[in-house]
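So the structure is just underneath, and the comments pick up after that.
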Amino acid sequence: MSSSNKQAGSLNEKAGISSPEITNASAISQIKNKRRQQPSAEELISGIISGNRTTLSRAITLIESTNQDHTEKANQVIKGCLSEANKSIRIGITGVPGVGKSTFIEAFGKHLTSLGKKVAVLAVDPSSSLSHGSILGDKTRMEELVKDENAFIRPSASGETLGGVARKTRESIILCEAAGFDVIIIETVGVGQSETAVHSMVDFFLLLKISGAGDELQGIKRGIMEMADAIVINKADGDNIKKANLAKIEFNRALHLFPSKKSTWQPKVTTCSAITKDGISDIWETISQYFELTHETGYFDEKRKEQNQFWMIETINEHLKSDFFNNPKILSQLDETKKAVQNNEISPFAAAQILLDKYKKI
């Protein structure tokens, strides 16, 4: 077959194989044209506000893109959605791998949708430091919730972001709120540093634990416990019920030793089973009590304002870093400077200062 008869694209990947006769050439052309067309910022905004999940997914993909050409359009979409945002409850959920975060979130999410809530789950999946790939299997683990018409699950790769928090999770929250979701759940990787970042973008921070995994208090960092607004001991079923109740007593004792929170809220410890659903409704009751208190004292709005300022500074830092490492004049000297550092010809600090001085003069 001549090259002029070959059709490019996924509909005909192998050379020498023509499309079957039943294939409509017009339909193929329409599909290809549609793939090439990218919705405008206005179309994305309109689709998000109307609750179109496909549009919401496309918009999140856009803001997660590291392509510099997408930045301006992404900023337009975020700006267009701001007036419809800030109307949800933002809940951060963390816990070490194996604690049952996905199973818990599914049970908790199903409980919320049964109450008429619209729930969005932003799950951050760890990326490989070698291949940079991610499994993104949260939808697979939440089989029931993913089929719920009042739920939206978006797994995102953590990439190179410190601690595993997806780079654009903060903006994704705004888009989900504009799409009409009442409760936004952010699941962390649960490997350490990510908790601080998630705490800075949520209203309520929930720490998930299991009993019988060793020393209950040594198994978790004090810093994370101090951030937690509630500690939930999962897998409190069968033979684990007694262990879970003992762990609850230990955590309660520990929490009372910590300084009082600015919100005046006293963190609570409870047990639950994501399998049997026991204790799930109590957790939502605890969260509701927290929001009632913080709204009355004004702490809720104060915290949101502080978080907005924090993310403004973080965004500036991110843009400066990106601009620095993508600057052609810096790139032309970067490899040579790296080699000099590796060969101990210059200290890392002096090398950094040379590059920064060069950047300031650009």
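Values quoted throughout were computed directly from the atomic coordinates according to the rules given, and no laboratory measurement underlies them. Nothing here was measured: the structure is a model prediction, and the numbers come from that model. Cβ: placed from backbone, ideal geometry, glycine included. Neighbour counts: every protein chain shown.
A few notes on this one:
- For THR315 and LEU246, the difference between the fully extended length at 0.36 nm per residue and the C-alpha to C-alpha distance is 20.5 nm.
- Label-point separation in nm, GLN68 to LYS303, each point 7 Å along Cα→Cβ: 3.9
- Packing rank of 271-283, 42-54, 346-358, where each peptide gets the mean count of other beta carbons within 10 Å, highest leading: 271-283, 42-54, 346-358
- By the Stokes-Einstein formula, at 1.567 mPa s and 4 °C, segment 310-361 with its Kirkwood radius over alpha-carbon pairs has D equal to 108 µm²/s.
- Out-of-range pairs (alpha-carbon distance over 31 Å; input LYS262/LYS321; LYS118/LYS303; LYS117/LYS321; LYS303/LYS361): LYS262/LYS321; LYS117/LYS321; LYS303/LYS361
- Segment THR264-SER288, length gained on full extension (0.36 nm per residue, minus Cα span): 7.1 nm
- Pairwise label distance in nanometres, HIS111 with LEU82, each label 7 Å out on the Cα-Cβ vector: 3.6
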